[in-house]
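Have a look at the structure below before the remarks.
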Amino acid sequence: MDSILENAADWLQQKYGGNTVANYLWAIAILLVGWFLKETFSALLSRGVFRLVRRGTENVPLSEFIRLIKPPFEFLFFLLLLYIASEHLTIPAQWGWAPVKKFGARLIIHKLYLTVLFGGLAWLGVRIIKFGGLVFIHKAVKTESKIDNQLVPFFRDLCILLFVLTIGFIMLGQVFEVDVLTLVTSLGIGGLAIALAARETLENLFASFALMLDRPFTVGDSINAGGIEGSVESVGFRSTRLRTFDGSLVTMPNRLLTSQSLDNLTQRRLRRAKFIIRLAYQTSLESIRGIVQEIQGFIDEHPDTQKEPGVVRFDSFGESSLDIMIIFFVETQQIREFNRIKEEVNLKIIEIVEKQGAKFAFPSRELYIRTAVESHPSSESEESEPIL
């Protein structure tokens, strides 16, 4: 038994590539244990942080916080374990790698690790800002004003942009040792080129400020922009998201919303319905008058259409129908409620037409065929006597 332990100890002290077997095993063990424990560790750390910031976040459940914060925690935890594991390994001197302060493979790996680390920190910061935005959105929903529902996503995106830019400048200064102040002040023509390349992004940025100041709509309003009709779900730093009435999510750049006419359907006090019903030409004059009067009376007495007087008139003679024009206004801003009331009116129209003994017309043509029978009198042949 003692000989086995001695042999194992000797084997662990054997060197390969400048490191002992024990060092390799330690590094592998740290990475494996960390890989299996990173999810549990990140969940516990997320719960601990949530307890610290729990005050004022009663409306946001713990599951939302863990969903946002846990992935970057896992990433940073694994980076930490990767650093600890690398401390157990050394680069053999015979490889001839330059020191970390001089340009070489060691410096490149070091800079790459720091860049990834800053990326993980930026990811964590962005997720924290998103969680803060989620908290304020839940609070904004409870207020009567819709303006804060629109401002929260905008300032959330603005904070994310400023935070990412700040992390980027810090990384340039600390990792790549760039004089950020000199870089910003010496952009010159290069800055102009970047501005031209990012022209659309800048246009969307200024358009978002214009939307905030002018407020042609707020979150929850139904609008028609460029032929696209839907409900505003969010107004972001670059674009606005619309949920169309068929359920699709449309993302429109803010510059398009400020450069074309925009119809705010929510600001309509009433919604208008206008259509034609076509009756057969066999309909009597009394039936037409009765249909017009009954439909007019129903629209005038309906609780949702009596605010504005409706119009029901015998309008024109169609190719195959007698056309009655119907116009009425519904006091609602919701498209579903409008369609429901319109359906009630349509069903009542069918009932009135059937009650008057009339029928709806459909495209038809009558073909008249005139037949002429020409009779020609039969000519009798005259008999002639022979000469001889």
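The values are calculated or read from the model by the stated rules, or taken from the named source; none is laboratory data. Quick caveat, the model's predicted, so the values are computed rather than measured. Every residue, glycine as well, gets a Cβ built from its backbone with ideal geometry; the counts of neighbours run over all protein chains shown.
Quick notes on this one:
- Evaluated against (1) in the same structural domain as residue 276 (by TED's automatic domain parsing); (2) touching an Asp or Glu at 6+ places or on another chain (Cβ under 9 Å); (3) modelled with pLDDT under 85, residue 344 falls short on exactly one condition, (3).
- Pairs with Cβ under 9 Å, 6+ apart, first in the range 285-308 and under 16 Å from residue 322 (Cβ atoms), second among the charged types (D, E, K, R) and not in a helix (DSSP H, G or I): 292/313
- Counting only strands (runs of 3 or more DSSP E) that sit completely within the range 204-323, those holding 3 or more residues that are of a type in the set (A, V, I, L, M), within 24 Å of residue 156 (Cβ to Cβ) and not assigned by TED's automatic domain parsing to the domain that holds residue 141 correspond to 249-253.
- Each residue in the range 324-341 was checked for being more than 13 Å from residue 305 (Cα to Cα) and modelled with pLDDT of 95 or more, and 2 of them qualify.
- Lone qualifier among 131, 78, 169, 65 - being touching a helix residue (DSSP H, G or I) at 6+ places or on another chain (Cβ under 6 Å), within 30 Å of residue 27 (Cα to Cα) and modelled with pLDDT of 85 or more: 78
- Put simply, of 116, 53, 49 the only residue that is modelled with pLDDT of 80 or more, in the same structural domain as residue 15 (by TED's automatic domain parsing) and under 21 Å from residue 137 (Cβ atoms) is 49.
Matching residues to (1) modelled with pLDDT of 90 or more; (2) surrounded by fewer than 18 Cβ atoms within 10 Å (Cβ to Cβ):
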position: 209; (1), (2): no, yes
position: 255; (1), (2): no, no
position: 261; (1), (2): no, yes
position: 270; (1), (2): no, yes
position: 298; (1), (2): yes, no
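- Residues satisfying the stated conditions in the range 138-176, i.e. of a type in the set (Val, Ile, Thr), surrounded by 15 or more Cβ atoms within 10 Å (Cβ to Cβ) and more than 24 Å from residue 65 (Cα to Cα): 175
- Unique match (being of a type in the set (Gly, Ala, Ser), modelled with pLDDT under 85, part of a loop (DSSP other than H, G, I, E, B) and more than 24 Å from residue 139 (Cα to Cα)) among 98, 22: 98
- Only one of the numbered conditions (1) surrounded by 14 or more Cβ atoms within 10 Å (Cβ to Cβ); (2) β-branched (Val, Ile, Thr); (3) in contact (Cβ under 8 Å) with a residue 24 or more places away in the chain is violated by residue 276, and that is (1).
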